[in-house]
1. By how many nm would the segment from residue 337 to residue 166 lengthen if fully extended, with 0.36 nm per residue of separation less the alpha-carbon distance?
2. What ranking do 298, 5 get, fewest neighbouring Cβ atoms within 10 angstrom at the top?
3. Once you put a point 7 Å from the Cα of residue 134 and another 7 Å from the Cα of residue 307, both along the Cβ direction, what distance in nm separates them?
4. Within the range 23-45, list the residues whose amide N lies under 19 Å from a label point set 7 Å along Cα→Cβ of residue 78.
5. If packing is taken as the average count of other Cβ atoms within 10 Å, what order do 200-212, 171-183 fall into, highest mean first?
6. Grab the beta carbon distance between residue 123 and residue 344, set R0 = 30 Å, and tell me the FRET efficiency rounded to 0.05.
7. What would the Debye formula give as log10 I(q)/I(0) at q = 0.18 Å⁻¹ for the alpha-carbon point model of the range 3-256, no solvent?
8. Order of 235-242, 330-337 by packing, highest average Cβ count within 10 Å first?
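Nothing in this text is a laboratory measurement; each read-out follows from the coordinates by a stated rule. Given the structure is predicted, the values throughout are model-derived calculations rather than measurements. Cβ coordinates were reconstructed from backbone atoms using ideal geometry, including for glycine residues, and neighbour counts include every protein chain displayed.
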Ligand SMILES: Cc1cc2nc3c(=O)[nH]c(=O)nc-3n(C[C@H](O)[C@H](O)[C@H](O)COP(=O)(O)O)c2cc1C
């Protein structure tokens with residue numbers, strides 16, 4: 001196991017990749033809230049290989065970023081090799097000069113074998129590669145050949161006729177450092193039951209490799225169930241971190257001081273124990289349960305939103321692209337729809353502050 005992965009106390013907590021969401025600002029917020037590693041959104045290997053300006057911009061980082069795994073997608077092993085080389089050179093350049101070039105938070109390269117989005121799948125990339133094991137292997141080999149960084153892959157429990165187990169059997173002799181398994185099939189997309197058995201089998205097939213279970217983790221309880229049922233080394237959290245980046249800290253807290261299980265996820269209270277704050281069931285539970293108790297922690301939600309916006313403005317001119325994140329923070333609050341209406345129009349920090357003052 002590479003030194004990088006052996007340094008973490010288990011369970012390892014990862015912010016899973018989300019296109020359009022896991023940018024620098026959100027990655028920093030999640031790191032500050034207890035995530036151990038954070039993924040970029042998927043980046044086109046072809047785009048990087050061609051040195052496309054927009055694609056290269058996705059490799060710009062902010063001070064404070066660390067433990068970033070760059071995720072690549074594509075179909076062409078040669079492009080993956082070139083993209084990997086560029087990531088390496090970028091790291092080298094990072095160490096030398098430039099106002100932001102001294103920042104090199106990249107700790108790993110990941111290959112996307114799980115994306116079902118039509119525009120990715122139809123090109124033969126993402127989840128489609130689980131049905132093209134030979135090509136998948138060539139891609140992983142090309143990445144491994146061109147980097148000393150730990151290489152990881154993200155897979156689904158099944159894509160058409162190929163199970164995660166068969167896919168891993170085919171690749172398991174390669175020095176892959178980590179596997180994140182989304183416990184849903186391609187057909188399930190992003191909802192439905194998690195196949196814990198498949199994740200457990202992958203850990204059995206790869207006892208010396210870090211295996212992270214992913215899918216449906218929206219609370220400490222969900223993380224506990226995933227870890228208990230699969231024996232995996234940690235969890236990858238995607239949508240469960242939206243509007244509640246403190247989920248990582250809550251899970252950490254539970255495992256550092258096991259006690260009564262938290263059935264809900266709460267933001268950290270200033271000077272207090274997060275477990276006493278109550279924001280029942282932001283997701284998946286009875287919305288009527290939120291009510292006045294949600295308002296108790298409104299100051300903490302507000303300060304997290306402002307911190308998020310300030311980080312975001314370090315790389316963006318206005319808050320328009322952040323609106324989709326902001327609305328997640330008010331989900332389940334009694335006045336959510338009124339707040340939502342305002343948040344989807346916000347552009348500046350001053351406007352956001354005004355909305356949150358009330
Ligand atoms: C908006 C969105 C964007 C996503 N983008 C990516 C991506 O770029 N790469 C990837 O491997 N998975 C991507 N995923 C999948 C997630 O990483 C994760 O596997 C999936 O959402 C299940 O986890 P969750 O139940 O915690 O959300 C995306 C999911 C969502 C909802």
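1. Numbers: separation 171, 0.36 × 171 = 61.56 nm, distance 4.60 nm.
Between residue 337 and residue 166, full extension yields 57.0 nm more.
2. Numbers: 298 15, 5 20.
Listed from fewest to most nearby Cβ atoms, that is 298, 5.
3. 5.1 nm
4. Those under the cut-off are 44-45.
5. Numbers: 200-212: 18.2, 171-183: 20.9.
Per-residue Cβ counts within 10 Å, averaged per peptide and sorted highest first, yield 171-183, 200-212.
6. Details: r = 32 Å, r/R0 = 1.07.
Rounded to the nearest 0.05, the efficiency is 0.40.
7. -1.53
8. On the way: 235-242: 24.2, 330-337: 17.0.
Peptide ranking by packing, descending: 235-242, 330-337.
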